[in-house]
Amino acid sequence: MKKIAVIGSNGQLGNCIRKIAPDFEHQYEFVFTDSSILDITNEEQVNDFFYDNKPDYCINASAYTAVDLAETEKDKAFAVNADGVAHLAQAAADHKATFIHVSTDYVFDGSTNLPYAEDDFTNPIGVYGESKRKGEELALEINPQTIILRTSWLYSEFNKNFVKTMLNLFSQKTELGIVADQFGQPTNANDLAEAIMDIIKSPVKAYGIFHFSNYPETTWFEFAKKIAEFSKSSIQLNPLTTEQYPTPAKRPVRSTMSLDKIEEVYKIEPKHWENSLEECVDILSQQ
Ligand SMILES: NC(=O)c1ccc[n+]([C@@H]2O[C@H](COP(=O)([O-])OP(=O)(O)OC[C@H]3O[C@@H](n4cnc5c(N)ncnc54)[C@H](OP(=O)(O)O)[C@@H]3O)[C@@H](O)[C@H]2O)c1
């Protein structure tokens, strides 16, 4: 039976993979590890983990994801998102394992009006995006059997994310301002987990960078409005400009990614973001 190692499995994506793993128990053996067992910045720990477990696939669900904090914690962001990724890519290469790594729309500067293709010019405008781009470069350089999935605006019923923050604020406030001039594609991490398993199961063997998100593009404001609608909240939402909501890290104005390649190569059809959001809000409202 082929073995799949899931690194950083206490994060949003890691939890979503853990949730669907029982559906694949007759095809794959899963090994889940988190930062308390395996710190990817520690090369020796990574090598020992690969030696002990010998996975056929390594899914890297771990990352330094604090976009604003990264501006003042550059070394930490690069240690995890670049050096840590290199350790995993190298260990996977040494064991002839396929390395499935997750990256971000924030590798782009967001200054174009066309959806970004996989080979479009990257130009991150923040430290988090810079560190993720370095991780992409190192993974592709080190392990030819690397698949990078760039995703965007990730949320789920697990951990901290925009949807959970909104629901929490809706229960405390009567009015809220939300940025309405940044465009992107919200993505339910459960859909990303499914897409990763679809890739692993696929007879197609194609490596390199792929974009995966829900579609079409929207703004944080429209996203928040749908969260309010699906959760039946009566909150008053007001549109803000980026200037009215300053953050330590700059965000791309429009980081929408083209999803054509993953559809063509792996026959994966991303879902409409509103449908995926409704599923998540339903789950959260039952908790
Ligand atoms: N969240 C988004 O909006 C978003 C958008 C685009 C792309 N992405 C990408 O999608 C992927 C999954 O993101 P996510 O939202 O699921 O992340 P997440 O919820 O923040 O989880 C990241 C996980 O990585 C673990 N981790 C951090 N440093 C580690 C280390 N040195 N060794 C081992 N594990 C470590 C964390 O463990 P601890 O909690 O113990 O530190 C955490 O469980 C990441 O590659 C991220 O860059 C995310």
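One table, with the values for the structure above:
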item	result
Residues within the range 220-242 that are of a type outside the set (D, E, K, R), touching an Asp or Glu at 6+ places or on another chain (Cβ under 7 Å) and under 17 Å from residue 273 (Cβ atoms), tallied	1
Total residues in the range 190-214, condition surrounded by fewer than 20 Cβ atoms within 10 Å (Cβ to Cβ) and not aliphatic (A, V, I, L, M)	8
Search result, residues across the range 108-160 that are touching a residue at least 60 places away in the same chain (Cβ under 8 Å), assigned to a loop (DSSP other than H, G, I, E, B) and among the hydroxyl-bearing types (Ser, Thr, Tyr)	111, 112, 152, 156
Unique match (being in contact with an Asp or Glu (Cβ under 6 Å, 6 or more places away or on another chain) and modelled with pLDDT of 95 or more) among 103, 131, 62	103
Residue that is in contact (Cβ under 8 Å) with a residue 60 or more places away in the chain and under 30 Å from residue 250 (Cβ atoms), where the choices are 63, 79	63
Residues (within 20 Å of residue 120 (Cα to Cα), loosely packed, with under 15 Cβ neighbours inside 10 Å and in contact (Cβ under 8 Å) with a residue 60 or more places away in the chain) located in the range 244-269	260, 265
Selection from the range 257-287 of residues that are within 19 Å of residue 222 (Cα to Cα) and out of contact with any strand residue (DSSP E or B) (no Cβ under 6 Å at 6 or more places or on another chain)	271, 272, 273, 274, 275, 277, 278, 279, 281, 282
Close pairs (9 angstrom Cβ cut-off, 6 or more residues apart or separate chains): under 15 Å from residue 225 (Cβ atoms) in the range 270-287, among the small types (Gly, Ala, Ser) anywhere	273/213; 281/231
Helices (runs of 4 or more DSSP H) completely within the range 29-107 that count 3 or more residues being of a type in the set (S, T, N, Q)	43-53
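The values are calculated or read from the model by the stated rules, or taken from the named source; none is laboratory data. Quick caveat, the model's predicted, so the values are computed rather than measured. Note that each Cβ is placed from the backbone with ideal geometry, even for glycine, and that neighbours are counted across all protein chains shown.
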